[in-house]
Amino acid sequence: MSQGKYYLTTPIYYVNAAPHIGHAYTTIAAETIARFKRMQGYDVVLTTGTDEHGTKVERAARAQGKAPEEYVTLISNEFRSQWQKLDLQIDRFERTTSAKHAQVVNKLFQACKANGYIYKGTYTGLYAVVSESFVNDAKPGDIDPETGKPYEELTEENYFFKLSEFADRLLAFYDENPDFIQPAIRRNEVLAFVRQGLDDLSITRTSLKWGIPVEENRSHVFYVWFDALNTYMSAVEGEGLWPADLHLIGKEILRFHCVFWPAFLMAAGWPLPKKVFAHGWLLFENDKMSKSRGNIVRPTPIVEAMGVDALRYFLLREIVFGQDGSFSFDALVGRYNSDLANGLGNLASRTLNMIQQYRNGAIPGSEGTEDIAQVANKAAMAAIAAYEAFNFSQALEQIWTIISAVDKYIVERAPWKLAKDQSGHSQQLLDTTLYTAAEALRITCALVSPVVPHSAEAIWRQMGFKEPVSQVKSEDLVWGRLQLGQKIGEIAPVFPRLDAKPTIQKMQELEEVERNRQAALIGQKPAADSAKPAEARDGHIEIDDFGKVDLRVGEVKHAEPVKGAEKLLHLKVDIGEAEPRTIVAGIALAYKPEQLLGRKVVIVANLAPRKLRGITSQGMIVAASLEGGAPVLPTFIEDVPVGARLK
Ligand code: MSP
């Protein structure tokens, strides 16, 4: 039976940057909650979308020589297609540039105004002339980098929202709804902020062009937050889904969601959302991952190299939801191997293979072993409670207690020994063991499915279930529901072990491709937007970047001219590997082949192979290149062994 509707939202993402795994983090968490709530019997609707108005976006569009309409559509589509690549099941994708949205924003404005909470006033601020916008964080006398002159003071007519009248009502609301803001630390922050008293809020601009016009006075457009927050309503306009059950957000937009938004809705006399949960930041290289800091990681390279479930699992297992946490490629592969390949994947494959081998693929009948039944029932209850509190890492930790208990149990029971003994007792014990492992796997698999839906579904099918795992309900997650005699499906590894080094290298290569693709899409130079820390820019590279170049000492074993190419020599260079490297070098005008025999040279050993004049060159010789002159090979004064690395 349906538990009723559950409507949840992610923030709508700014389109001044392409999506990265910080955005994916929220969207994946929201989608996991959606799956969990479905498992609990709710009719779930999940909304996301893009925030497309405002000066920043207008400026970004202008910088690309594009009209804002064209630019925002490009990036909005990029978000949509990224979520598709991650196979995120999103029900509504709302854009702030939709006509429906403009109507809803005006409706909210009208309702607030009709109730006396909106008035016309003037706003005075420091103004940047070139970008035609107020600079909120500037002080008088600060220099505008675009003109080299101090910002100008400008006064313009604005509509204001009487936020100052809402402090007491908001505090009373928080008091009556202690769960409205989560986690507690964020609630305390909001309480402290509101207790200081609130200032009225300017909600329109006449100086801004790229925004939703105020219908009753079209020289004004709505200012970003009055516009953006409304998407939560416009996305489900007319569907009877409002109020939202949950707004999932990052902690930096707490005030907008817990102070402004409820105040707007109170002013309009409309229902308030039930809950706002603010999670922490995903850090990369010790800093919040963000485009402006230039330290971003994109999701699709990870998905291509490791599968989407690896990313989902890592983000939700590694970081305590609500707190900040770090992303690293090493930790990602480490978690994958230890928890998924060696943990869940191993349990699935050994259980299913034993059923195949010892019972011809049919799950034997038994009640299972009491101890494991208890572990599984207890873990299932605890995991469900943890999911309920959006404590994903704890839910997963609980689920993994089943995996380790069953692993230990299998070793103790040693089914491979029981299988060799045909006595009734041993065969019965073997039935119990196999049933216990399979039933534990069923419960584990369903419990973990909100986080790793694709792999859970694969294991589920291998167990022989006909209905998808997404249709399992929480009440089925008690011991003893597995059908006797169920025939298992075809067994295939779900989480193959990955070698860290090549996997990370692959992701980094794909990251580069993806970065260039996005840059080309937006019409941007990729440099400023690379996955590098800030210090790495301005023409500098990181030590790690240098470390990627494998410079080796080699000895020339063979040299000959390349036919039809007067500048090239075809060399065989020994760098201490089984075979000498074939290298095509552009040094023929400076060196005769016989001069090079036995000479020590330096080569770049990890350059991608390249075909030159039909010969595949497996590296590059380093030489000083003089303007207009011939190349000069470096020499070592001391003796150096072949294969030595330069670093
Ligand atoms: N457009 C506003 C939100 C309006 S909601 C009515 C906005 N957009 S944003 O593109 O900057 O996205 C902010 C959200 O993206 C954060 O609140 C968070 O959910 C997610 N994240 C972006 N970078 C992130 C991290 N580095 N770490 C965690 N979440 C991140 O603000």
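The values are calculated or read from the model by the stated rules, or taken from the named source; none is laboratory data. Bear in mind that the values here come from a model prediction, so they are computed numbers and not experimental data. Methodologically, a virtual Cβ is constructed for each residue, glycine included, from the backbone with ideal geometry; neighbour enumeration extends over all protein chains shown. Accessible surface is based on the protein model in full, side chains and every heavy atom, while ligands, DNA and RNA are left aside. Shrake-Rupley method; radii C 1.70, N 1.55, O 1.52, S 1.80 Å.
Count of segment 242-259 residues, restricted to those that are part of a helix (DSSP H, G or I) and within 10 Å of the ligand (Cβ to nearest atom), is 6.
Of the residues in segment 524-534, not one is modelled with pLDDT of 95 or more, assigned by TED's automatic domain parsing to the domain that holds Leu340 and surrounded by fewer than 16 Cβ atoms within 10 Å (Cβ to Cβ). Against the criterion of being open to solvent by 90 Å² or more (accessible area, probe 1.4 Å) and assigned by TED's automatic domain parsing to the domain that holds Glu560, Asp639 qualifies.
Per the conditions (1) in contact with a His (Cβ under 8 Å, 6 or more places away or on another chain); (2) at pLDDT below 95, the sole criterion not satisfied by Asp87 is (2). Which residue is farthest from the ligand (Cβ to nearest atom), if the candidates are limited to segment 265-308 and must be charged (D, E, K, R) and open to solvent by 10 Å² or more (accessible area, probe 1.4 Å)? Within segment 265-308, the match that is farthest from the ligand (Cβ to nearest atom) is Glu304.
Residues that are open to solvent by 50 Å² or more (accessible area, probe 1.4 Å) and either outside any loop (DSSP other than H, G, I, E, B) or hydroxyl-bearing (Ser, Thr, Tyr) (or both) occur at least once in segment 442-457.
Each residue in segment 219-241 was checked for being under 20 Å from Leu46 (Cα atoms) and away from the ligand (no atom under 15 Å from the Cβ), and 5 pass. Across segment 29-64, the qualifying residues are those that are among the charged types (D, E, K, R) and closer than 20 Å to Val236 by Cα, and the one among them that is nearest to the ligand (Cβ to nearest atom) is Asp51. All told, Lys100 falls short of being open to solvent by 20 Å² or more (accessible area, probe 1.4 Å) and in a strand (DSSP E or B).
Mind checking whether some residue in segment 133-154 is at pLDDT 95 or above and open to solvent by less than 50 Å² (accessible area, probe 1.4 Å)? Scanning segment 133-154 turns up no residue that is at pLDDT 95 or above and open to solvent by less than 50 Å² (accessible area, probe 1.4 Å).
Take the residues in segment 1-21 that are of a type outside the set (Ser, Thr, Tyr) and within 22 Å of Tyr42 (Cα to Cα), then tell me which one is nearest to the ligand (Cβ to nearest atom). The selected residue is Pro11. Within segment 2-21, residues that are more than 17 Å from Val276 (Cβ to Cβ) and of a type in the set (Lys, Arg) have Cβ atoms under 6 Å from residues that are more than 8 Å from the ligand (Cβ to nearest atom) and part of a strand (DSSP E or B) in these pairs: Lys5/Asp43, counting only partners at least 6 apart in sequence or on another chain. The one condition from (1) without any contact (Cβ under 8 Å) to a residue 40 or more places away in the chain; (2) under 30 Å from Ile504 (Cβ atoms) that Ser393 does not meet is (1). Only one of Leu434, Leu429, Leu484 is more than 23 Å from Leu88 (Cα to Cα), crowded, with 21+ Cβ neighbours inside 10 Å and assigned by TED's automatic domain parsing to the domain that holds Pro364. Can you tell me which? It is Leu434.
Across segment 75-96, the number of residues qualifying as open to solvent by less than 50 Å² (accessible area, probe 1.4 Å) and out of contact with any Ser or Thr (no Cβ under 8 Å at 6 or more places or on another chain) comes to 2. Would you confirm whether or not segment 185-207 contains a residue that is assigned to a helix (DSSP H, G or I), more than 26 Å from the chain's Cα centre (by Cα), in the same structural domain as Phe161 (by TED's automatic domain parsing) and within 14 Å of the ligand (Cβ to nearest atom)? No, segment 185-207 has no match at all. Got a number for residues in segment 376-385 being surrounded by fewer than 21 Cβ atoms within 10 Å (Cβ to Cβ) and not charged (D, E, K, R)? So the count comes out to 5.
From the list Glu370, Glu388, the lone residue that is of a type in the set (D, E, K, R) and under 30 Å from His247 (Cβ atoms) is Glu388.
Of the residues Glu511, Glu577, the single one that is open to solvent by 80 Å² or more (accessible area, probe 1.4 Å), modelled with pLDDT under 95 and either outside the structural domain of Gly361 (by TED's automatic domain parsing) or part of a helix (DSSP H, G or I) (or both) is Glu577. Every test in (1) in contact (Cβ under 8 Å) with a residue 60 or more places away in the chain; (2) of a type in the set (Asp, Glu); (3) touching a His at 6+ places or on another chain (Cβ under 8 Å) is passed by Glu560 save one, and that test is (1). Among the residues of this structure, Gly322 counts as one that is within 30 Å of Phe166 (Cα to Cα) and in contact (Cβ under 8 Å) with a residue 60 or more places away in the chain.
For segment 235-264, filtering for residues that are open to solvent by 20 Å² or more (accessible area, probe 1.4 Å) and aliphatic (A, V, I, L, M) leaves 1. Residues in segment 164-175 that are farther than 19 Å from Arg187 by Cβ and out of contact with any Gly (no Cβ under 8 Å at 6 or more places or on another chain): Glu165 only. No other residue among Arg481, Arg497 is modelled with pLDDT under 95 and among the basic types (Lys, Arg) apart from Arg481.
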